[in-house]
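Asker: Let me give you the structure first, and then I'll get to my questions.
The values are calculated or read from the model by the stated rules, or taken from the named source; none is laboratory data. Since we're looking at a predicted model, the values are computed, not measured. A quick note on method: Cβ atoms are made from the backbone with ideal geometry, for glycine too, and the neighbour counts reach across all protein chains shown. Heads up: the accessible areas ignore ligands, DNA and RNA and are worked out on the full protein's heavy atoms, side chains in. Shrake-Rupley method; radii C 1.70, N 1.55, O 1.52, S 1.80 Å.
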Amino acid sequence: MDMNQHSNSGLRIFIIGFMGTGKSHWGKRWAQLHDMSFIDLDEIIEKTEGQSVVDIFEKAGEDYFRVKEASILRDQLTQQNCIVSCGGGTPCFYDNITWMNQHGYTVYLSAAAPYILKNVLDEKEKRPLVKNINEAELLFFIEQKLKERSPFYNQAKLILDAENLTETSLQGLIPGTI
Ligand code: S3P
């Protein structure tokens, strides 16, 4: 990666992908392996708003959440040498994917719907978009949303297969040289 092509040159990696693809898990490990700081966008939104993402969706609505998300994403311009784990919808609103590509390096953790379903079922209550969808309809919902979001996700500079990601593969991916 040619860091000079980015404005505010310090290394900044944005991890994107559907919920349940391990963005936070792998982002954290990747940051540890390469001595970078780790930032979870949803966690910052929750801290700033003083409530959970579920509560923000329920009380203020998704549109409000997306405005905050876009703004807090742009605040990360002050951070360097970091890995930012985004929410599943982050790249799909307010030209966020274009902004991320201009100000950092984007990595898409890609996975198929059945794999995502398995992981999402574990923490369904924490995810406002799927919280009220019953199990029988969830696979269809994920398939549809994945189709809708793929044009955004696929604008990432690097696409990794989330289903086969290992610590060893991350070790070989040296930020700044990929
Ligand atoms: C969302 C995914 C969530 C969170 C919010 C909306 C989405 O993040 O930002 O619930 O639109 O897919 P995770 O992908 O970390 O679950």
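Asker: Grab the DSSP H runs of the chain that are 4 residues or longer, score each as -39,500 (n - 2.57), total them, divide by all residues and round the 222 nm result to the nearest 500 deg cm²/dmol.
Answerer: On the way: 8 runs with 84 residues, N = 178.
Value at 222 nm, helices only, nearest 500: -14000 deg cm²/dmol.
Asker: Just by accessible area at a 1.4 angstrom probe, what is the order of TYR94, TYR153 from largest to smallest? Let's see the in-between values first.
Answerer: Working: TYR94 130, TYR153 0 Å².
I get TYR94, TYR153, largest accessible area first.
Asker: Using the Cα centre as the reference, give the magnitude of the dipole from point charges on the C-beta atoms of the range 12-164 (Lys, Arg: +1; Asp, Glu: -1; all else neutral), rounded to the nearest 20 debye. Before the final figure, lay out the partial values.
Answerer: Values: 18 positive and 22 negative charges, 68 e Å.
The dipole of the range 12-164 has a size of about 320 debye.
Asker: Taking R0 as 22 Å, what FRET efficiency do you get between LEU77 and LYS124 from their Cβ-Cβ distance, rounded to the nearest 0.05? Mind showing how you got there, number by number?
Answerer: Details: r = 33 Å, r/R0 = 1.52.
Efficiency at R0 = 22 Å is approximately 0.10.
Asker: Further question on the same structure: Please give the contour-minus-distance gain from HIS25 to TRP99: 0.36 nm per residue of separation, less the Cα-Cα distance, rounded to one decimal in nm. Display every interim value, and only then the final one.
Answerer: Numbers: separation 74, 0.36 × 74 = 26.64 nm, distance 2.36 nm.
24.3 nm is the gain from fully extending HIS25 to TRP99.
Asker: Separate question: Mind ranking GLU69, GLU123, GLU135 by accessible surface for me, highest first, 1.4 Å probe?
Answerer: Values: GLU69 0, GLU123 80, GLU135 125 Å².
Most to least solvent-accessible, the answer reads GLU135, GLU123, GLU69.
Asker: Still on this structure: Taking amide H atoms as placed 1.01 Å from N in the peptide plane, list the residues 5 or more away in sequence, or in a different chain, whose amide H sits under 5 Å from that of ILE159.
Answerer: TYR108
Asker: For a paramagnetic label modelled at 7 Å from the Cα of ILE133 toward its Cβ, which residues of the range 17-43 fall within the zone defined by backbone nitrogen distances under 11 Å?
Answerer: Counting backbone N atoms under 11 Å from the label point, the list is 19.
Asker: Could I ask something else about it? Evaluate E = 1/(1 + (r/R0)^6) for ASP55 and GLN155, where r is the Cβ-Cβ distance and R0 equals 35 Å; express this FRET efficiency to the nearest 0.05.
Answerer: Details: r = 31 Å, r/R0 = 0.87.
In this case the efficiency is close to 0.70.
Asker: Please report the projected area of the range 12-112's Cα convex hull averaged over all directions, in nm². Don't skip to the answer; put the middle values down first.
Answerer: On the way: hull surface 24.8 nm².
Averaged projected hull area, Cα only: 6.2 nm².
Asker: Cα-Cα pairs above 20 Å in the chain: how many percent?
Answerer: Working: 8113 of 15753 pairs.
The calculated P(r) of the chain puts 52 percent of pairs beyond 20 Å.
Asker: May I ask you to list the residues of the range 50-64 whose amide nitrogen lies under 17 Å from a point 7 Å from Cα along the Cα→beta-carbon direction of PHE141?
Answerer: Inside the label zone: 53-59, 61-63.
Asker: Say each of LYS47 and ASP35 gets a label point 7 Å from the Cα, pointing the same way as Cα to Cβ; how far apart are those two points in nm?
Answerer: 2.3 nm
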